[in-house]
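J.: Before we start, here is the structure in question, set down as structure tokens.
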Amino acid sequence: MSTVIAVTGKGGTGKTTVSALLIRYLVNAGHKPVLAVDADPDSNMPSALGLDDSKNLSTIGGTRQDFFDSKGEVPPGMPKEAFLELKLNQALVESKNLDMLVMGRPEGAGCYCYINNVLRKFLETLGNNYPFVVIDNEAGLEHLSRRTAQKVDYLLIVSDYSMNGLRAAVRIKELSQEMGLNVGKNYLVINNAPDDLSPQFNEAMVDTGVPLLGILPADENVPRYDIGLKALTDLPDSSPVVASLDQMAWALIHENK
Ligand SMILES: Nc1ncnc2c1ncn2[C@@H]1O[C@H](COP(=O)(O)OP(=O)(O)OP(=O)(O)O)[C@@H](O)[C@H]1O
Ligand SMILES: [Mg+2]
């Protein structure tokens with residue numbers, strides 16, 4: 001059974017950074033291969049993981065659209081489902097310690113029900129091949145139920161050092177409950193934080209009702225790597241955000257042991 005960790009939060013709070021560094025931790029700790037799922041249509045994970053150089057990066061959304069547009073035409077003698085599964089498999093980017101699926105754009109107008117059913121089964125079966133699945137999400141939550149509809153063991157809600165970030169975290173927690181999302185545990189992660197948090201922020205953090213998993217410091221290496229087009233997974237152990245994230249990730253995956 002794989003452990004599914006989904007990372008969500010308000011826009012720009014550090015979802016992709018946290019996802020990439022979590023994957024870095026899991027790989028280095030030997031929990032590999034990791035399946036990285038980029039569920040943000042404005043895909044950022046390939047560059048954060050250093051997997052953006054693979055040619056013809058195809059997306060699940062593109063595969064679904066192509067299949068829909070072809071009206072289910074398949075090579076002679078090949079069952080429709082097997083053909084679609086083959087195409088979905090081709091969208092899997094494989095590397096040494098981690099594989100990546102880029103979900104891409106959501107479906108357009110029309111009934112994609114058959115394709116989505118095959119896709120759901122494909123994602124469930126695929127996920128079982130990995131000890132950990134890490135999903136980087138777009139801001140908001142609707143797509144989580146729409147696209148994967150599978151259990152999420154840990155929903156990490158990322159906030160920056162702002163009241164707006166915390167308010168968004170509360171809305172996301174409420175929305176996930178309203179949608180009946182199958183979440184094991186919600187956790188709050190504060191990212192890009194100063195050394196000292198104000199008493200009001202500490203109080204507001206507690207008031208969210210979401211248990212705090214960890215506080216990650218602002219780290220100048222993160223924008224430096226981003227601007228230098230370097231993979232965040234290559235950040236050194238000595239980087240402050242890496243040290244904090246590693247501690248946080250260790251606590252998360254050992255919490256039930
Ligand atoms: N701990 C940190 N220290 C310094 N800068 C950071 C830190 N975490 C993230 N950043 C910077 O903040 C910006 C947003 O980070 P990131 O892309 O991870 O957020 P996101 O939530 O995935 O954004 P989006 O909603 O656009 O997908 C980036 O420019 C990144 O370099
Ligand atoms: Mg992102």
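J.: Which residue pairs have Cβ atoms under 7 Å apart, sit 6 or more places apart or on different chains, and have a first residue in the stretch 114-137 that is touching a residue at least 12 places away in the same chain (Cβ under 8 Å) and a second that is assigned to a helix (DSSP H, G or I) and polar (S, T, N, Q)?
T.: Close Cβ pairs (under 7 Å, with a partner that is assigned to a helix (DSSP H, G or I) and polar (S, T, N, Q)) amount to L123/T148; V134/S19; D136/T16; D136/S19.
J.: I'd like the residue in the stretch 25-50 that is in contact with an Asp or Glu (Cβ under 6 Å, 6 or more places away or on another chain) and of a type in the set (D, E) and, out of all such residues, is farthest from ligand 1 (Cβ to nearest atom).
T.: The extreme case among them is D38.
J.: Six or more apart or on different chains, Cβ under 6 Å: which pairs go from a residue in the stretch 3-20 that's under 14 Å from Y187 (Cβ atoms) to one that's more than 9 Å from ligand 2 (Cβ to nearest atom) and of a type in the set (F, W, Y)? Could you list them?
T.: Pairs found: T3/F132; I5/Y154.
J.: Kindly indicate whether G110 is surrounded by 17 or more Cβ atoms within 10 Å (Cβ to Cβ), in contact with a helix residue (DSSP H, G or I) (Cβ under 7 Å, 6 or more places away or on another chain), outside any strand (DSSP E or B) and not acidic (D, E).
T.: Against the criterion (surrounded by 17 or more Cβ atoms within 10 Å (Cβ to Cβ), in contact with a helix residue (DSSP H, G or I) (Cβ under 7 Å, 6 or more places away or on another chain), outside any strand (DSSP E or B) and not acidic (D, E)), G110 does not qualify.
J.: Could you tell me which residue of the stretch 151-202 is surrounded by the fewest Cβ atoms within 10 Å (Cβ to Cβ), considering only residues that are in a helix (DSSP H, G or I) and of a type in the set (A, V, I, L, M, F, W, C)?
T.: M163
J.: Conditions: (1) in a strand (DSSP E or B); (2) within 16 Å of S244 (Cα to Cα). I135 meets all but one. Number of the miss?
T.: The failed condition is (2).
J.: Of all residues being within 16 Å of ligand 2 (Cβ to nearest atom) and either outside any helix (DSSP H, G or I) or among the hydroxyl-bearing types (S, T, Y) (or both) in the stretch 203-228, which is farthest from V18 (Cα to Cα)? Just the residue, please.
T.: This residue is Y225.
J.: May I pose another question? Tell me, which residue of the stretch 1-24 that is out of contact with any helix residue (DSSP H, G or I) (no Cβ under 6 Å at 6 or more places or on another chain), small (G, A, S) and farther than 17 Å from S244 by Cα is farthest from ligand 1 (Cβ to nearest atom)?
T.: A6
J.: Quick check on my filter: what residues within the stretch 9-57 are assigned to a strand (DSSP E or B), at pLDDT below 95 and more than 15 Å from P131 (Cβ to Cβ)?
T.: D38, A39
J.: Sticking with this one: Would you please list the contacts, defined by Cβ atoms under 7 Å and residues six or more apart or on different chains, that run from a residue in the stretch 77-97 that is closer than 15 Å to P33 by Cβ to a residue that is acidic (D, E)?
T.: Listed pairs, sorted by first residue: L92/D99; V93/D99.
J.: Among the numbered conditions (1) among the small types (G, A, S); (2) surrounded by 15 or more Cβ atoms within 10 Å (Cβ to Cβ); (3) over 12 Å from the mean Cα position of the chain (by Cα), tell me where A6 comes up short.
T.: Single failed check for A6: (3).
J.: Just to be sure, is S43 hydroxyl-bearing (S, T, Y), touching a residue at least 24 places away in the same chain (Cβ under 8 Å) and surrounded by fewer than 17 Cβ atoms within 10 Å (Cβ to Cβ)?
T.: no
J.: Same structure again: Any idea which residue in the stretch 73-105 is farthest from M45 (Cα to Cα), counting only those that are of a type in the set (K, R) and not in a loop (DSSP other than H, G, I, E, B)?
T.: K80
The values are calculated or read from the model by the stated rules, or taken from the named source; none is laboratory data. What you are looking at is a predicted structure, and each value in this text was computed from that prediction instead of being measured. Quick reminder, even Gly has a Cβ in these numbers, built from the backbone with ideal geometry, and neighbours come from all protein chains shown.
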